[in-house]
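Chemist: The structure follows.
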């Protein structure tokens, strides 16, 4: 079964599929998966086996065959769905920025919208199939949250949101370049190590938040505006780049090995969450380097 955590929910990362699609040996209890060729060649190891258009019976090392009909996910599907989700985030952010002046009320609305977005993301993560309504709803509330937060940052650090957008684009472009050049191979071991680091990071940040809330860790603790906060922010962005590589691999394998067309919504969902993560961390980092409390 897939991870129930929306951040870590990626098709092919399940125990049953033995990290299918990462060209690595399976975990215990999973089907045998070769180290070369089509990792979904066997019926038991293909998470898309129920798709009538999925390729079956290809020998290891054989190149995937071109789809003969519709019903399978394509890059165009991923681009269109990702444009819809990211476009919804942007529109929501612009409207929130334009219509909600910086105040305690707007701050409360931002927190509420962020919580609703989190709940919708969790509900989608527990569903076996993609729900476009949930994904678009998540994007809309996430957009409201980002719009209010971005306006608040801009009122103190003028231009910070624009710099954060440029930084997010730079990180995304650099990660894609490194991935496509083959400098990073997304294997089972790579995914395990990266996810372990990410989970540990989130756990430490949760503890830090509690310490700050109870006044035990003043000035934000690990999230301070000093050098330590900058180091933590850079680490968070690197973790976001790691999630991007998982997203790219998910999309690549889904297209190559016959994922149903509906999987494009899940790919767009994962990309949107990752880009939001990077943008927020980049926003914090820009504020720190601006040198103003």
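What follows draws every value from the coordinates through simple rules; no lab data is involved. Worth saying up front: this structure is predicted, and the values here are computed from it rather than measured. Methodologically, a virtual Cβ is constructed for each residue, glycine included, from the backbone with ideal geometry; neighbour enumeration extends over all protein chains shown.
Chemist: Could you list log10 I(q)/I(0) for the stretch 76-289 at q = 0.08, 0.18 Å⁻¹, which the Debye formula gives when each Cα is one point scatterer?
Modeler: -0.29, -1.53
Chemist: How do 77-87, 153-163 rank on mean C-beta neighbours within 10 Å, highest first?
Modeler: Ranked by mean Cβ neighbours within 10 Å, highest first: 77-87, 153-163.
Chemist: On the Cα set of the stretch 141-214, report Rg and Dmax in Å, please.
Modeler: 17.0, 47
Chemist: With each label point set 7 Å from Cα along the Cα-Cβ vector, what nm distance links residue 133 and residue 230?
Modeler: Going from the residue 133 label point to the residue 230 one covers 4.8 nm.
Chemist: By its C-alpha gyration tensor, with a ≥ b ≥ c as the square roots of the eigenvalues, how is the stretch 76-156 shaped: rounded for a/c under 1.5, else prolate for a/b larger than b/c, else oblate? Show your work: numbers first, answer last.
Modeler: Values: a/c = 3.36, a/b = 1.68, b/c = 1.99.
Cα axes put the stretch 76-156 in the oblate bin.
Chemist: Taking a spot 7 Å from the Cα of residue 118 along the direction of its beta carbon, which residues of the stretch 247-279 have an amide N less than 18 Å from it?
Modeler: 273-279
Chemist: With label points built 7 Å along Cα→Cβ from the Cα atoms of residue 80 and residue 184, find their separation and express it in nm.
Modeler: Result: 2.9 nm between the two label points.
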